[in-house]
Amino acid sequence: MRAEKVRELDSKELNIKLREMEDQLFRLKFQIGMGQADGLKKLRQIRKDRARMLTILHERELAGQGEDRRRKGAR
């Protein structure tokens with residue numbers, strides 16, 4: 001998933017997608033461990049997408065904290 005698409009999602013949708021992706025990652029790792037799937041390329045892509053989502057969530061969290069600090073300083 002491209003970063004632009006991820007940024008368009010709100011935080012709630014992003015958390016839902018993140019949970020789905022973690023579940024998919026778990027199943028894929030399990031299948032690879034059992035020798036049933038050789039989807040190494042898909043595994044890498046899921047890990048990268050998950051990291052991208054977590055980064056954007058963290059950016060939003062930090063942006064929210066920065067706004068709170070600015071409000072306190074304006075008083």
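Structural remarks
- Only one entry in Asp38, Asp23, Asp10, Asp49 is modelled with pLDDT under 85, acidic (Asp, Glu) and out of contact with any strand residue (DSSP E or B) (no Cβ under 6 Å at 6 or more places or on another chain), namely Asp38.
- Verdict on Met1 being part of a loop (DSSP other than H, G, I, E, B) and of a type outside the set (S, T, N, Q): yes
- Enumeration of residues in the range 27-63 that are surrounded by 11 or more Cβ atoms within 10 Å (Cβ to Cβ), over 17 Å from Lys5 (Cα atoms) and not charged (D, E, K, R): Leu28, Phe30, Gln31, Ile32, Ala37, Gly39, Leu43
The values are calculated or read from the model by the stated rules, or taken from the named source; none is laboratory data. The structure presented is a predicted model; accordingly, all values stated were derived computationally and were not measured. In this analysis, Cβ positions are derived from the backbone assuming ideal geometry, glycine residues included, and neighbour counts consider all displayed protein chains.
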